[in-house]
1. Among A:Ala239, A:Ala24, A:Ala257, which one moves the most in a GNM of chain A with springs linking Cα atoms closer than 10 Å?
2. Just the number, please: Stokes-Einstein D of segment A:207-424 in µm²/s, Kirkwood Rh from C-alpha pairs, 37 °C, 0.692 mPa s.
3. Whole number please: convex hull volume per residue of the Cα set in segment A:122-257, in Å³?
4. For a quick check, take a GNM of chain A with Cα springs below 10 Å and name the residue from A:Leu358, A:Leu277, A:Leu406 with the largest mean-square fluctuation.
5. Using only protein heavy atoms and a 1.4 Å probe, how much accessible area in total is buried between B and A, to the nearest 100 Å²?
6. Based on the Cβ-Cβ distance of A:Arg393 and A:Asp125, what FRET efficiency does E = 1/(1 + (r/R0)^6) give at R0 = 35 Å, to the nearest 0.05?
7. Rank these residues by their accessible area, most exposed first, probe 1.4 Å: A:Met287, B:Met212.
8. Kirkwood hydrodynamic radius of segment A:186-261 from all distinct Cα pairs, in Å?
Amino acid sequence: MTQSPPAERKVDWKDPQLAATLRARHARERRLKLLGLASLGAAFAMLFILLASLAASGYKAFVQTHVTMDFIISEQNVSPDKPEKGKYRKVVAESLQAVFPEVSRKEMRQLRKILSNGAQYMVRDAVVADPSLIGGVLRLTVPVSDPYDQLNKGEIDRATPEANRRLSDREIAWFDRLKEAGMISTPFNKALFLNADSRFPELAGLKGALWGSFYALLVCFLLSFPIGIGAAIYLEEFAPRNRFTDIIEVNINNLAAVPSVVFGLLALAVFLGWFNLPRSAAFVGGMTLALMTLPTIIIATRAALKAVPPSIREAALGLGASRQQVVFGHVLPLAMPGILTGTIIGLAQALGETAPLLLIGMNAFITSAPESAFEPATALPTQIFIWADSPERGFAARTSAAILVLLGFLIIMNLTAVILRRKFERKW
Amino acid sequence: MTQQETGAGGGEIKISARDVQVHYGDNHALRDVSVDIRDKMVTAFIGPSGCGKSTFLRCLNRMNDTIEDCRVEGDIRLDGEDIYAPEVDPVHLRARVGMVFQKPNPFPKSIYDNVAYGPRIHGLAKNKAELDEIVEKSLRRGAIWDEVKDRLDAPGTSLSGGQQQRLCIARAIATSPEVLLMDEPCSALDPIATAQIEELIDELRRQFCVVMVTHSMQQAARVSQRTAFFHLGQLVEYGETGQIFTNPSDPRTESYITGRIG
């Protein structure tokens with residue numbers, strides 16, 4: 001230090017120029033805050049519009065118009081020996097005739113359509129369950145068919161000229177008579193959750209899709225959670241850093257960005273093509289979703305492991321814990337909240353994934369809920385896809401309702417992630 | 001190189017290091033360190049930041065093994081036994097050579113579990129009663145028993161910084177090590193907690209060979225019997241603490257302790 005320090009420069013903090021830059025800095029900060037608020041507001045507005053439009057079109061699907069009427073179970077139509085083989089179509093027709101005695105045989109064909117096609121089977125099931133009804137009268141509440149349901153929900157405008165209307169004046173008059181007689185009710189649409197898919201909107205439900213999604217997610221979780229955590233632990237804690245592990249790392253990150261339809265094609269070629277696994281099965285769907293979820297879980301787990309403070313590792317190592325004891329006794333428990341959050345977010349993503357399931361045939365028309373993961377099934381998003389594609393008016397509202405159900409499950413899963421995180425998080 | 005023989009007194013030679021070299025990749029972090037550390041006394045390593053004193057300390061329980069591309073050469077013997085010999089298990093070695101770190105790092109578990117962890121993984125206690133005894137004895141030796149005896153189930157992280165560090169010392173003692181390595185054990189603590197730890201270290205040297213790295217020369221002067229001065233990856237001078245601080249033989253040591261370098 002031979003040269004003397006430079007002469008001290010005086011700063012005048014009252015200089016108006018300095019004050020101006022300060023003001024400019026504050027203004028910049030305010031602008032940033034405003035922009036942030038504006039973008040948040042825009043995001044919330046979008047979310048609100050989405051939910052509101054879904055709720056507006058979907059709420060109608062949560063109720064279903066029913067008619068309560070007496071079905072005359074004559075021995076002529078249903079023999080007491082074989083109640084399951086009875087002529088229930090005729091039972092329904094005769095019972096309707098009793099309500100509308102003036103309707104001719106020709107018009108009967110029209111009139112019968114007021115009840116859902118499923119009505120005859122509901123009567124059959126009730127009679128089979130209680131054969132003593134034969135020869136008597138059964139009072140049963142059955143759904144009306146979709147056009148009448150739409151009429152009751154105000155979706156069919158009576159002011160439209162008859163030629164352009166789904167229902168003729170006469171048909172509307174029949175329905176109004178039922179309504180005046182107090183036979184019409186609109187209870188909660190249990191069928192939406194208790195029935196599987198159907199060609200008839202009034203009978204279609206999500207049971208098959210819910211079970212299909214459940215099995216698929218279960219398989220996906222059982223595969224991707226242990227494999228993902230295992231891979232992440234190995235890569236993060238045990239693997240040497242060399243070119244080979246670098247390549248693996250880059251590829252895992254790339255896999256997370258691969259479009260899901262590609263995984264679907266892979267599953268189609270490998271699981272269905274080579275291994276001949278069953279088509280449309282939730283098991284195969286789960287495996288496909290596991291392929292997609294794996295990178296997410298690996299990346300989240302590695303990040304969570306990395307975030308564990310090195311002091312904890314050192315403490316355990318310094319006491320003579322083996323590498324494995326350090327990882328399983330200290331690092332993994334501390335990383336658990338992060339791992340669980342990553343896993344649940346990965347599973348939530350899988351729950352909403354449609355494209356790969358389409359390719360392995362989980363968009364088939366299946367009218368019974370799967371009993372196991374190996375039976376053909378649909379999943380919630382593919383069911384939405386099918387319904388959105390269906391022309392019947394009733395499916396429009398059901399599509400929105402199914403989306404609401406799917407969103408409900410997503411919200412529940414994300415809430416679980418938050419709660420688990422809170423529960424397992426430790427402070428130090 | 002006669003430094004390692006200077007300064008008589010104290011116990012027998014516990015650790016003896018000869019020509020230790022440490023490389024981090026291409027960086028030659030420590031060169032030609034030869035030192036004899038005696039039992040039942042406190043040896044302090046002093047020196048400016050980045051001089052290699054912590055690196056050398058971490059060679060003594062092979063903590064450097066966990067750092068990738070760190071290479072240790074030379075000969076380090078604990079009781080005459082080469083600790084880098086292939087048949088030596090670092091896991092076993094670290095139970096014999098305990099370590100206390102700069103930042104108190106209790107596990108986010110109960111106070112009891114913190115202390116019981118070492119004995120548990122090494123299987124030192126046959127039953128619960130024996131483990132209880134080890135825990136109590138260790139906490140007493142760590143001079144923290146009276147403060148925590150009523151709340152052994154409380155998380156170790158709920159203690160104050162100084163208490164946490166004493167808990168960490170108790171945890172290290174619980175495996176009955178022969179050597180205690182301390183890497184700047186007081187640098188994250190306030191003066192009162194520091195005084196308590198220093199008092200504890202003075203107590204501990206009756207039973208253990210204590211090696212500590214410290215930034216504070218006053219601390220080295222207060223608690224250690226022997227001091228080694230490291231500078232730029234080399235051991236400059238090693239001898240009795242009194243002699244190092246009053247009559248250093250190397251001009252670099254003198255510059256450092258008088259505050260001209262560092």
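The values are calculated or read from the model by the stated rules, or taken from the named source; none is laboratory data. In this text the structure is predicted, and so the values were computed from the model without any measurement. Ideal geometry is used to build each Cβ from the backbone, glycine not excepted, and the neighbour counts take in all protein chains shown. Just so you know, the surface numbers come from the protein's heavy atoms only, side chains and all, with ligands and any DNA or RNA stripped out. Shrake-Rupley method; radii C 1.70, N 1.55, O 1.52, S 1.80 Å.
1. Comparing A:Ala239, A:Ala24, A:Ala257 in the GNM, the peak value goes to A:Ala24.
2. Numbers: Rh = 18.6 Å.
Rounded to a whole number, D works out at 176 µm²/s.
3. Details: hull volume 28.4 nm³, N = 136.
That works out to 209 Å³ per residue.
4. A:Leu277
5. Numbers: alone 11860 and 24360 Å², together 34440 Å².
Its buried surface, counting both partners, is about 1800 Å².
6. According to the calculation, E is roughly 0.80.
7. Values: A:Met287 30, B:Met212 0 Å².
Descending order: A:Met287, B:Met212.
8. On the way: mean 1/r = 0.0618 Å⁻¹.
With all distinct Cα pairs of segment A:186-261 included, I get 16.2 Å.
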